[in-house]
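Accompanying notes for the structure given below.
The values are calculated or read from the model by the stated rules, or taken from the named source; none is laboratory data. Predicted model only: the values in this text are computed from it and were never measured. With ideal geometry, Cβ positions are generated from the backbone for all residues, glycine too; neighbour counts draw on all protein chains shown.
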Amino acid sequence: MREMSASGANTHGGQQPQKHYGVTSPISLAYPKESDHIYTQKLIEAMKPFGVFEDEDEQNHRLAVLGKLNALVKEWIAEISEEKDIPPSAIGSVGGKIFTFGSYRLGVHTKGADIDALCVAPRHVQREDFFQSFFEKLKKHEEIKDLLAVEDAFVPVIKFKFDGIEIDLLFARLALQSIPENLDLRGDSLLRNLDIRCIRSLNGCRVTDEILSLVPNKENFRLTLRAIKLWAKRRGIYSNMLGFLGGVSWAMLVARTCQLYPNAVAATLVHKFFLVFSKWEWPNAVLLKQPEESNLNLPVWDPRVNPSDRYHLMPIITPAYPQQNSTYNVSTSTRTIMSEEFKTGLSVTDEILRGKAEWPKLFEPPRFFQKYKHYIVLAASASTEENHLEWIGLVESKIRVLIGNLERNEYITLAHVNPQSFPGLKENRTENEFVSMWFIGIIFKKAENAESVNIDLTQDIQAFTDTVYRQANNVSMLKEGMKIEATHVKKRQLHEYLPPDVLQKKKKSLADVNRTSNGGTKRCSLDGSQLDSSRDTDCGTPFSSPTPVNRPGKTALEIEDSIISSPKTTGPLFDSPPVPRTSCPGTEQQGMSIPVIGTKPMAPPPVLAAQLSPGSTIPTMLGRNMPHATSPSSKALLANGPSSTDSINSSAPKRPCSPSPDSSPKRLKGPDKVSDTPSSSELLEHGNRPSGESLDGDKPMPIPTIDTTRTQRLSSNELPDASSPLPTNNLRVVKNSIRLTLNR
């Protein structure tokens with residue numbers, strides 16, 4: 001085949017000019033060579049062991065189930081129409097239809113994955129009918145199991161298994177007398193006169209259909225997206241809820257790559273994906289098409305109008321009206337981690353396409369538990385399995401609040417949460433206690449301009465736990481035994497929390513790989529959104545920054561790099577200046593070592609306990625009980641803290657997080673790098689303690705927890721502000737403070 005450049009003729013083999021996709025011209029119109037097809041076939045073979053492809057029988061089974069569900073919906077709508085005195089002559093034509101969206105609609109679902117579906121009904125069918133009469137109809141169906149309605153969710157949903165296939169079914173009522181079989185949901189006029197819940201429910205289908213219509217070759221897009229999603233899950237950066245990217249965001253990044261290289265095959269597109277986004281100048285937004293104006297007056301992403309949109313660090317904008325940023329949960333730390341992963345992916349694919357490595361290397365998991373010297377262990381526990389599933393759904397949906405709190409601490413350079421949760425070891429819990437743990441890797445800034453610096457994480461942790469307890473109390477969820485405990489540990493103490501096969505970097509079995517790539521188990525968060533808790537084991541090869549690669553065709557590459565590095569996007573949404581790039585978190589930090597001496601949790605002094613009133617809370621710190629940091633010596637230490645040049649974001653000061661909505665993102669199915677290198681300084685703990693308390697030992701120190709019981713439901717299901725009271729029934733506050741002192 002003939003290779004073509006972006007500046008050459010826009011035809012191939014005498015055909016008509018190629019259709020233009022995206023907000024810019026393509027970077028290259030080159031057609032694939034024979035070697036590109038060979039590498040693509042090798043990529044397919046490398047993905048097969050991970051269970052990313054369904055066989056024909058499984059595909060046919062899904063189609064049969066969807067057919068039955070569609071017939072069930074039509075039957076139910078006809079029954080409702082009859083009850084509401086619709087003329088018999090019209091009942092046969094009122095229609096009703098099931099639409100799919102998400103990974104199934106995109107054609108990239110894995111074995112055993114669920115199906116996201118939408119029930120579209122005419123205007124005389126109400127949402128209450130869907131959650132009452134249709135729910136009862138589903139309950140009576142013999143092939144439907146595990147039925148659950150979440151009517152108060154941000155996007156209301158009925159969840160069930162239909163003949164073994166998990167389905168999440170949303171509902172939308174259109175302002176139409178009947179629903180035609182050929183209905184196209186992409187028309188903006190369909191949104192007129194709809195309530196916000198119907199608009200949210202329709203959004204998934206509309207975005208999915210727009211993405212498919214905006215890529216030049218659907219099959220190349222699908223295969224590339226399968227590879228990128230598998231890579232993201234394996235590398236621990238697939239989680240919208242925890243501040244990484246979710247499925248729709250990865251789909252839009254792959255679609256943008258396809259627009260820039262419209263004739264490339266999957267192997268080339270995977271490499272170009274890493275090339276484009278390792279050089280992308282965030283926060284320049286990624287768009288698949290220019291946003292279109294509409295007179296429906298729905299809120300859209302627009303940093304010119306909405307101040308909160310200006311804080312978004314990694315905006316990826318959905319192509320369907322009303323346009324939204326799908327990555328508003330991304331934080332400074334998660335963007336840094338993903339940027340490093342893009343660079344590493346570029347380095348690995350460079351090696352693969354030069355014949356120096358094979359595709360499986362791209363899917364090797366990182367060594368999260370070997371990467372950092374310090375971790376925070378966040379444990380959520382409950383007394384029953386049912387309460388535990390409900391509790392961890394809420395806690396996990398708020399972990400990004402804790403990450404934001406830690407990032408704003410001036411002595412923390414990076415906070416990296418691992419999306420995989422782990423059960424508590426049997427020896428660390430009671431027989432009737434159910435525990436899930438998340439691990440957050442921490443990099444502290446080294447002391448430079450002072451002899452020592454006090455690092456206080458008390459308020460960061462306490463603000464997070466207060467947020468969780470407030471919301472749990474707000475939705476009447478708190479029950480006896482529900483607790484949160486945060487503990488600071490060093491790398492050498494992780495064996496007290498994790499099994500040896502995790503810490504010894506044991507390779508995962510094929511069954512484990514298939515299970516994690518299938519999305520894990522499913523649950524629903526308390527604030528209504530569905531959760532996707534894909535759980536990957538973080539073990540494998542070391543994570544390192546990519547090294548520069550010399551490639552043939554230097555002039556062409558320089559041209560390509562300049563196009564990517566300075567994306568000339570037109571339109572009103574691209575006039576915000578780019579944020580300065582962050583430095584690599586894996587760089588050597590000389591003079592930094594943070595030994596921490598642990599102690600057992602200690603009870604509050606009797607005098608303090610006597611002073612506690614019901615409902616009061618006591619600030620806590622990571623470490624021992626300490627006098628307040630308002631002493632002259634403490635103030636001096638804080639005033640002479642580390643310079644801003646030590647930060648990972650050395651060119652930008654720390655700033656408040658975006659005042660974006662705190663509701664959970666769409667999904668995270670049931671149960672994601674940066675090196676902290678040894679150096680010469682030491683981080684020591686100092687503080688007041690009861691007489692007789694030993695300074696020896698490495699036992700981790702828990703941060704206080706609040707144990708409450710269920711209380712009355714408040715008026716709102718939304719997260720209350722900081723002025724909302726904490727639950728006071730049987731309030732138990734354990735004061736246990738830790739202060740780290742960073743010595744020069």
Item to complete: Kindly indicate the residue of the stretch 157-171 that is in a strand (DSSP E or B) and among the charged types (D, E, K, R) and also nearest to Phe131 (Cα to Cα) among those meeting that condition.
Response: Lys159
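If you check Leu389, Leu378, which single one turns out to be aliphatic (A, V, I, L, M), under 30 Å from Leu478 (Cβ atoms), surrounded by fewer than 20 Cβ atoms within 10 Å (Cβ to Cβ) and modelled with pLDDT under 95? Outline the logic, then answer.
Working: Leu378 fails: surrounded by fewer than 20 Cβ atoms within 10 Å (Cβ to Cβ).
On inspection, the qualifying residue turns out to be Leu389.
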Discussion item. Return the residues of the stretch 286-299 that are crowded, with 16+ Cβ neighbours inside 10 Å and either touching a helix residue (DSSP H, G or I) at 6+ places or on another chain (Cβ under 6 Å) or over 19 Å from Gly22 (Cβ atoms) (or both); say none if nothing qualifies.
Written reply: Val286, Leu288
Worksheet item: What pairs can you find where one residue is in the stretch 440-456 and farther than 19 Å from Thr336 by Cα, the other is modelled with pLDDT of 85 or more and among the hydrophobic types (A, V, I, L, M, F, W, C), and their Cβ atoms are less than 7 Å apart, with a gap of 6+ or different chains?
Response: Ile455/Phe444
Practice prompt. Identify all residues within the stretch 316-346 that are under 19 Å from Ala251 (Cβ atoms) and among the small types (Gly, Ala, Ser); write none if there are none.
Written response: Ala320, Ser326, Gly345
Item to complete: Considering (1) more than 15 Å from the chain's Cα centre (by Cα); (2) under 30 Å from Ala415 (Cα atoms); (3) not in a helix (DSSP H, G or I), say which one Gly236 fails and leave the rest.
Response: (1)
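Being charged (D, E, K, R), out of contact with any Gly (no Cβ under 8 Å at 6 or more places or on another chain) and part of a loop (DSSP other than H, G, I, E, B) is the filter; apply it to the stretch 172-197 and report the residue that is surrounded by the fewest Cβ atoms within 10 Å (Cβ to Cβ). Give the derivation first.
Applying the first criterion (charged (D, E, K, R)) to the stretch 172-197 yields 173, 181, 184, 186, 188, 192, 195, 197.
Adding the requirement that they be out of contact with any Gly (no Cβ under 8 Å at 6 or more places or on another chain) leaves 173, 184, 186, 188, 192, 195, 197.
Then drop every residue that is not part of a loop (DSSP other than H, G, I, E, B), which leaves 184, 186, 192, 195.
On the way: Asp184: 9, Arg186: 15, Arg192: 12, Asp195: 11.
Filtering first and then ranking leaves Asp184.
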Fill in: From the options Pro307, Pro303, Pro315, residue that is at pLDDT 95 or above and of a type outside the set (A, V, I, L, M, F, W, C)
Pro315
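Of everything in the stretch 308-356, what is among the charged types (D, E, K, R) and either at positive phi or in contact with an Asp or Glu (Cβ under 8 Å, 6 or more places away or on another chain) (or both)? Give them in sequence order. Explain how you work it out, then say what you get.
Quick first cut of the stretch 308-356, residues among the charged types (D, E, K, R) only: 309-310, 335, 340-341, 343, 350-351, 354, 356.
Scanning the stretch 308-356 gives a single hit, Asp309.
Residues in the stretch 409-450 that are of a type outside the set (S, T, N, Q) and in contact with a helix residue (DSSP H, G or I) (Cβ under 8 Å, 6 or more places away or on another chain): how many? Full working, then the answer.
From the stretch 409-450, those of a type outside the set (S, T, N, Q) are 410-412, 414-417, 419, 422-427, 429, 431, 433-435, 437-448, 450; that's our starting set.
Then drop every residue that is not in contact with a helix residue (DSSP H, G or I) (Cβ under 8 Å, 6 or more places away or on another chain), which leaves 412, 414-417, 422, 425, 434-435, 438-442, 445-446, 448, 450.
Number of matching residues: 18.
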Worksheet item: Is there a residue in the stretch 463-472 that is buried (at least 22 other Cβ atoms within 10 Å of the Cβ), closer than 21 Å to Leu414 by Cα and at pLDDT 85 or above?
Response: yes
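Could you tell me whether the stretch 343-365 includes any residue that is at pLDDT 90 or above, closer than 21 Å to Lys491 by Cα and under 18 Å from the mean Cα position of the chain (by Cα)? Give the steps one after another, and end with the answer.
To start, the set of residues in the stretch 343-365 that are at pLDDT 90 or above comprises 343-365.
With closer than 21 Å to Lys491 by Cα added as a condition, the list becomes 365.
Now narrow it down to the ones that are under 18 Å from the mean Cα position of the chain (by Cα): 365.
Yes: the stretch 343-365 contains one or more residues that are at pLDDT 90 or above, closer than 21 Å to Lys491 by Cα and under 18 Å from the mean Cα position of the chain (by Cα).
Residues are listed down the side, and each one gets a yes or a no for (1) among the hydrophobic types (A, V, I, L, M, F, W, C); (2) touching an Asp or Glu at 6+ places or on another chain (Cβ under 9 Å); (3) modelled with pLDDT of 95 or more; (4) on the phi > 0 side of the Ramachandran plot:
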site	(1), (2), (3), (4)
Thr100	no, yes, yes, no
Ala153	yes, yes, no, no
Glu166	no, yes, yes, no
Ser178	no, no, no, no
Arg200	no, no, no, no
Discussion item. Could you go through the stretch 447-458 and let me know if any residue there is assigned to a helix (DSSP H, G or I) and within 24 Å of the chain's Cα centre (by Cα).
Written reply: no
Practice prompt. Just one of (1) over 21 Å from Phe369 (Cα atoms); (2) buried (at least 22 other Cβ atoms within 10 Å of the Cβ) trips up Lys445, so point out which.
Written response: (1)
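Return yes when Pro419 is within 23 Å of the chain's Cα centre (by Cα), under 22 Å from Tyr497 (Cα atoms) and surrounded by fewer than 22 Cβ atoms within 10 Å (Cβ to Cβ) and no when it is not. Please lay out each step first, then the result.
Values: within 23 Å of the chain's Cα centre (by Cα): yes; under 22 Å from Tyr497 (Cα atoms): yes; surrounded by fewer than 22 Cβ atoms within 10 Å (Cβ to Cβ): no.
It is false that Pro419 is within 23 Å of the chain's Cα centre (by Cα), under 22 Å from Tyr497 (Cα atoms) and surrounded by fewer than 22 Cβ atoms within 10 Å (Cβ to Cβ).
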Discussion item. Any residue at all in the stretch 118-134 that's of a type in the set (D, E, K, R), in contact with a Gly (Cβ under 9 Å, 6 or more places away or on another chain) and assigned to a loop (DSSP other than H, G, I, E, B)?
Written reply: no
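Within the stretch 402-414, restricting attention to residues that are farther than 26 Å from Leu389 by Cβ and of a type in the set (A, V, I, L, M, F, W, C), which residue is farthest from the chain's Cα centre (by Cα)? Break it down into steps so the answer makes sense when it comes.
Step one: of the stretch 402-414, the residues farther than 26 Å from Leu389 by Cβ are 406-414.
Keeping just the survivors that are of a type in the set (A, V, I, L, M, F, W, C) gives 406, 412, 414.
On the way: Leu406: 17, Ile412: 21, Leu414: 17 Å.
Here the answer is Ile412.
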Worksheet item: Only one residue in Asp116, Asp55 is more than 27 Å from the chain's Cα centre (by Cα) and either under 29 Å from Trp359 (Cα atoms) or surrounded by 15 or more Cβ atoms within 10 Å (Cβ to Cβ) (or both), so which one is that?
Response: Asp55
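Kindly indicate which of Asn182, Asn203 is within 30 Å of Gly345 (Cβ to Cβ) and in the same structural domain as Ala113 (by TED's automatic domain parsing). Outline the logic, then answer.
On the way: Asn182 fails: within 30 Å of Gly345 (Cβ to Cβ).
Just one listed residue meets the conditions, Asn203.
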Discussion item. I'm trying to understand the selection: among the residues of the stretch 31-64, which are touching a Lys or Arg at 6+ places or on another chain (Cβ under 9 Å), over 13 Å from Arg226 (Cα atoms) and part of a loop (DSSP other than H, G, I, E, B)?
Written reply: Tyr31, Asp55
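What about Phe162, is it more than 19 Å from Ala64 (Cβ to Cβ) and of a type in the set (Phe, Trp, Tyr)?
Working: more than 19 Å from Ala64 (Cβ to Cβ): no; of a type in the set (Phe, Trp, Tyr): yes.
The answer is no for Phe162.
Does the stretch 410-431 hold any residues that are among the polar types (S, T, N, Q) and modelled with pLDDT of 90 or more, and which are they? Lay out the reasoning, then the answer.
Taking the stretch 410-431 first, the residues among the polar types (S, T, N, Q) are 413, 418, 420-421, 428, 430.
The answer is Thr413, Asn418, Gln420, Ser421.
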